[in-house]
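The values are calculated or read from the model by the stated rules, or taken from the named source; none is laboratory data. This one's a predicted model, so the numbers in the text were calculated from it and none came from an experiment. Note that we place each Cβ from the backbone using ideal geometry, even for glycine, and neighbour counts take in every protein chain shown. Surface areas here come from the heavy atoms of the whole protein model, side chains and all, with no ligands, DNA or RNA. Shrake-Rupley method; radii C 1.70, N 1.55, O 1.52, S 1.80 Å.
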Amino acid sequence: MKNAEFQLQGVGDPRLAVHATSSLPAWLWSTDGTRVLWANPVGAGLFDARNGAVLAAKSFGPANPHRRQVAQLAGRLPPTGAMRLERLRGFGASFGGLMTCACARLNFPNGGAGILIVATEASGRVMPLVERLQRLVEGIDTPIAAFARDGMFVGGSDAARSLLGFRNLSEAGLDTARSDAL
């Protein structure tokens, strides 16, 4: 799967979507640990990336401790997608500390696989929901927008901004759709 496809997978695949706007960091790594295929905004921020798309463009070298841990996990996790708790260095833990993470091997219809890692506790400042929504959609190449519970537009991809001629769902006559979604 290409980078852009994984960014959309993060909001379309229920195994990832549940973590997309979470205040807990989450990452989907390649099985060899060389790349982060997808990350929620909090997870991307822990690697000093603005969003998941920016982090997905980064490559992790052989000496990187995250890469080594992910590659080891790939060999130990069951192929069924069952979650397992692991104590990992980094991944939001204080320097030199361990973070308990829920980990699973996810298989995709195209034959690819990834290692999902979700920290079980927040680290540092909690990113507000509106900021998480903005960062979630801003790196995606296709039109996608995020709206707050009250229907106000909070963020969108560059492709979506040119298509939107309204600032909230009421202006677009989408109050019923908003109510249905809630």
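Computed over the chain, the P(r) tail beyond 24 angstrom holds 38 percent of alpha carbon pairs.
Run lengths n ≥ 4 of DSSP H only: what is the helix-derived mean residue ellipticity at 222 nm for the chain, with -39500 (n - 2.57) per run over all residues, to the nearest 500?
Details: 8 runs with 61 residues, N = 182.
Helix contribution divided over all residues of the chain: -9000 deg cm²/dmol.
Any chance you could run the full-extension gain for Arg68 through Ala102? It's 0.36 nm times the residue separation minus the Cα-Cα distance, nm to one decimal. Mind dumping the intermediate values first?
Values: separation 34, 0.36 × 34 = 12.24 nm, distance 1.72 nm.
Gain on extension, Arg68 to Ala102, equals 10.5 nm.
With respect to the chain, whose longest principal axis is taken over its alpha-carbon atoms, helix 65-76 is tilted by about 80°.
Between the alpha-carbon centres of the range 84-101 and the range 143-164 there is a gap of 34 Å.
Take the solvent-accessible surface of the protein heavy atoms, probe 1.4 Å, and return the percent of it on the range 51-182 that carbon and sulfur atoms account for. Could you put the intermediate results ahead of the total?
Details: 3940 of 7250 Å².
Exposed carbon and sulfur together represent 54 percent of the surface.
Once the Cα atoms of helix 3-12 and of the chain are each reduced to a long axis, what angle between those two axes, in degrees from 0 to 90 to the nearest 10, is obtained? Tilt relative to the chain: about 70 degrees.
Accessible area per residue of the chain at 1.4 Å probe, in Å²? Intermediate results must be reported in sequence, preceding the final value.
Details: 9150 Å² over 182 residues.
For the chain, the solvent-accessible area averages 50 Å² per residue.
Remark: relative contact order (the chain) = 18 percent; criterion is Cα-Cα distance under 8 angstrom and separation of 6 or more residues. Treating r as the C-beta distance of Ser170 and Glu131 and R0 as 30 Å, the FRET efficiency rounds to 0.80. Computed extension gain for Arg89 through Met152, at 0.36 nm per residue and net of the alpha carbon distance, reaches 18.8 nm.
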